[in-house]
Every structure is written in C-alpha cells, then in structure tokens.
1. Report every pair of residues separated by at least 6 positions or lying on different chains whose Cβ atoms are under 6 Å apart, first residue within segment 193-205 and assigned by TED's automatic domain parsing to the domain that holds residue 180 and in a loop (DSSP other than H, G, I, E, B), second at pLDDT 95 or above and surrounded by fewer than 17 Cβ atoms within 10 Å (Cβ to Cβ).
2. Looking only at segment 118-129, decide whether some residue is closer than 19 Å to residue 58 by Cβ and crowded, with 18+ Cβ neighbours inside 10 Å.
3. Take the residues of segment 94-108 that are over 16 Å from the mean Cα position of the chain (by Cα) and assigned to a strand (DSSP E or B): which is surrounded by the fewest Cβ atoms within 10 Å (Cβ to Cβ)?
4. Select from segment 53-75 the residues that are farther than 18 Å from residue 136 by Cβ and surrounded by 13 or more Cβ atoms within 10 Å (Cβ to Cβ) and list them in ascending order.
5. Considering every residue within segment 132-139, establish whether at least one is at negative phi, in contact with a helix residue (DSSP H, G or I) (Cβ under 8 Å, 6 or more places away or on another chain) and not in a loop (DSSP other than H, G, I, E, B).
6. Where residues in segment 174-208 are within 14 Å of the chain's Cα centre (by Cα) and farther than 19 Å from residue 103 by Cα, which of them is modelled with the lowest pLDDT?
7. Any chance segment 117-131 includes a residue that's assigned by TED's automatic domain parsing to the domain that holds residue 85, over 23 Å from residue 79 (Cβ atoms) and in a loop (DSSP other than H, G, I, E, B)?
8. Identify all residues within segment 159-174 that are without any contact (Cβ under 8 Å) to a residue 60 or more places away in the chain and surrounded by 17 or more Cβ atoms within 10 Å (Cβ to Cβ); write none if there are none.
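The values are calculated or read from the model by the stated rules, or taken from the named source; none is laboratory data. Predicted model only: the values in this text are computed from it and were never measured. Please note: Cβ atoms are built from the backbone with ideal geometry, for glycine as well, and neighbour counts cover all protein chains shown.
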C-alpha cells in the first residue's frame, strides 16, 4: 500500500508525536500515555484516509475508467447540449485519489473559486473546484471535475496542460469528503446509475 504525497508528512507527524509520548511515559511514569495514543490515532487515521492503492485493471478498447471511488449521485444532462454529467460522492471512508478515465492529453485545467456546501448536496456543484479536461487521439474530450466539500476545502491537481496521461493514472486528490463530476459527450454510453458503488481505475464508467 502506498500513500498520497500529501499524507506522508501527516503520518510521520503522528508517529513522531506517539514516539514523544512514549518517551515521556517511560521517563515520567505514565504521564505521556494520552499523547502517545493521540499520536497513534492520528497516524492511523491519516494512513487510512491518504491510502493510495495500486489499481492494475486492464480496460478493453473503448472502455472509460471511473475516475473516483464513491457512490454515484446523479447521471443526467445539466443544461449543456450533448453532455451527460456523472456525479460521484466521496465519503471520508473512500480513497480520495482521482484517476484518468482514458489515455490522452490534458487539454485544459481550470480552477474556480466557489462556496463550500456539503459535497452530497445539489448546491455543491458550485463549490470550489478544479476541472481537468482530457482529449484523446481521436479528438474526443471529457472533463473530470474535482469538487471540494465543507471540511478540508483543498484540492491537489497532479497534472498540467499539455501533459500526456494514461488511463487509470493518478491525476489528483481531494480532501475529506468531496465530489467528482465527469462530463461525457453523447458519443459515450454511460454504464453506471445513481446508487452504484464505483472504484477509480476499476469500474467501467462508460463505453465510446
């Protein structure tokens, strides 16, 4: 098991606090017990939340990989002609690393300031967010939008415009309860439905 880069320092910090508590407990006859257990609990939580498991699924040609772990909220047109939007809610128990749905080039990234509504609410669509647009060799374009929730309010984008990415590769991370929206053209047939549990780089989201 590997961990997202953002979590390594937090895990190490928790372990350091636990070690300090152990030293205090040893020299001061038990007074560092609380500090040690708080450090261990923080390190354990950080290890769980920032886990970044390897995903080795081989997708067939024409299959689009799901970019995130979580629960499908909605699959619908939201007003843009010819575009279907799949919204996925990520609870604090889900892996929070996002993955590329297809091979292609990052044709655009766009960070937008916004509100911080609870990630499973409809109004979260206007939260602070980061759009990663991918275009494949055939000129087909999809968008993966990282959307913050109401707690940590931080997005990490691992890619930049002009970068080539492979299907299933890591493209970013959102913190502590969030949402991912996928914008698909009508040339893609969506295979998931509201309520489905999905996994990034494992679930087939759609077919061209």
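1. Once the first residue is assigned by TED's automatic domain parsing to the domain that holds residue 180 and in a loop (DSSP other than H, G, I, E, B) and sits in segment 193-205, its partners that are at pLDDT 95 or above and surrounded by fewer than 17 Cβ atoms within 10 Å (Cβ to Cβ) give 194/74.
2. No; the residues of segment 118-129 include none that is closer than 19 Å to residue 58 by Cβ and crowded, with 18+ Cβ neighbours inside 10 Å.
3. Among them, the one singled out is 108.
4. Residues satisfying the conditions are 53, 55, 57, 68, 69, 70, 71, 72, 73, 74, 75.
5. Checked segment 132-139: no residue is at negative phi, in contact with a helix residue (DSSP H, G or I) (Cβ under 8 Å, 6 or more places away or on another chain) and not in a loop (DSSP other than H, G, I, E, B).
6. Across segment 174-208, the extreme among qualifying residues is 177.
7. Looking through segment 117-131, none of the residues is assigned by TED's automatic domain parsing to the domain that holds residue 85, over 23 Å from residue 79 (Cβ atoms) and in a loop (DSSP other than H, G, I, E, B).
8. Scanning segment 159-174 gives a single hit, 159.
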